[in-house]
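Engineer: First the structure, then my questions, so here it is.
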Amino acid sequence: MGFAKAMAVTAGPLLFTAAVGYDKNWKLTGDGGLEAQIKQCARNLKAVLKSAKAAPCDVIQLKFYVVNLKPDDRFVIKKVMERHFYDAKARPTTALLGIAALARPDLRIEIEMVAALPEVRH
């Protein structure tokens, strides 16, 4: 099975993608903790959006899969995502799921994203 830091598929006006916390050199950024991985996921997702000529305001859904989710993890996620994806005009639907593991043992989070592509959306 293949594995990628972030990849995307389009279906009509929608862009479907997911990202993990590896940088372009397949390294975890920072201390490898949850906040550092969320920040890298956000950078990876924004790069996918840019390549599709979309922006964070085009995001309509986010799903967070967090290994060994703790109640306070939601505050860490919210803090980072408010800086990168949330604003007063556009707030995507979200789901937060606690899971046992991801594809690699050093990963704490994976984020799935759906965006409405601006060139086909009216």
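Engineer: Just to be sure I understand the filter: pairs with C-beta atoms under 7 Å, separated by 6 or more residues or on different chains, first member in segment 46-64 and under 11 Å from His84 (Cβ atoms), second member assigned to a strand (DSSP E or B) and small (Gly, Ala, Ser). Which pairs pass?
Structural biologist: Leu49/Ala115; Val59/Ala115
Engineer: OK, next. Does Tyr65 satisfy the condition of being surrounded by 14 or more Cβ atoms within 10 Å (Cβ to Cβ), under 30 Å from Glu119 (Cβ atoms) and at pLDDT below 90? Don't jump to the end; show me each part of the working.
Structural biologist: Working: surrounded by 14 or more Cβ atoms within 10 Å (Cβ to Cβ): yes; under 30 Å from Glu119 (Cβ atoms): yes; at pLDDT below 90: no.
No, not satisfied.
Engineer: Name the residue that is nearest to Ala55 (Cα to Cα), counting only residues in segment 68-122 that are buried (at least 16 other Cβ atoms within 10 Å of the Cβ) and either without any contact (Cβ under 8 Å) to a residue 24 or more places away in the chain or hydroxyl-bearing (Ser, Thr, Tyr) (or both).
Structural biologist: Tyr86
The values are calculated or read from the model by the stated rules, or taken from the named source; none is laboratory data. None of these values were measured; they are calculated from a predicted model. Ideal geometry is used to build each Cβ from the backbone, glycine not excepted, and the neighbour counts take in all protein chains shown.
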